[in-house]
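Visitor: I have a structure here, written as structure tokens, and I will follow up with some questions on it.
Any read-out appearing in this document is the output of simple, stated calculations on the displayed coordinates, not a laboratory observation. Note that this is a predicted model, so its numbers are computed, not measured. With ideal geometry, Cβ positions are generated from the backbone for all residues, glycine too; neighbour counts draw on all protein chains shown.
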């Protein structure tokens, strides 16, 4: 699996510098799987909606034969911190919708209070989980930006179609009948996905598989979950994606790790929904850790 990241915004918003820094960070998790595309700056007088359509066209591109469904896409709109919350920028984010992250660049000149004030202002128009402040000179914020990008791209992509050999049941049927069986189905699927012997090639499909599992578990308990709710739950647990990134570096262990982490996320989500979504973040993290430790002793093959 490959990932296209389209980087857009005005001139002097730090696009080129961000791309170069992000490439260096991406080397740590498999540079060949990430393709950065720098979009031209918006033309004077160009409506934000038209610019959003241009960025979307660049993001989707024209898939070559055999590549359909094998590329994940994310969009980064760069906002120079010194320019504040410009109307065009915020209107573009509204037009782009949930498919785009707002990246606050060149934040170094601002002190902590100034940056916090800017983020609060931006948060009135853009969901907080879609705003990431970075410093390319200090290499701050880039890991979170890449992390959020994989979540966003995966949630915007249908769950992987490949299923493990021992997963023959329809997942929709399983979700309606037995949440525990759905979790085992998703964990087995994660094992199969993680068997891909390429760095990073399994990360986005694993996130998509995990997000689909959480969504179906929510349905079991009468909840229709939004993308942001799923992303917030994954972020609250914290260790889930960390485990997957680590798994990408351990060829002989990554499939069992992916299965164990997916199982732990699913069991934690099951208890969360069964509680009426009342469990506190600390409780969720404790439960996740306990389930993960238990799952690492399972035989997934």
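Visitor: Taking the number of other C-beta atoms within 10 Å as the exposure measure, put 237, 183, 19 in order starting with the fewest.
Guide: Working: 237 22, 183 26, 19 19.
So the ranking, lowest neighbour count to highest, is 19, 237, 183.
Visitor: Going by average Cβ neighbours within 10 Å, how do the peptides 258-269, 38-49, 89-100, 216-227 rank, with the highest at the top? List each step's numbers first, then the result.
Guide: Numbers: 258-269: 27.2, 38-49: 13.5, 89-100: 19.5, 216-227: 17.0.
Most protected by this proxy first, the peptides run 258-269, 89-100, 216-227, 38-49.
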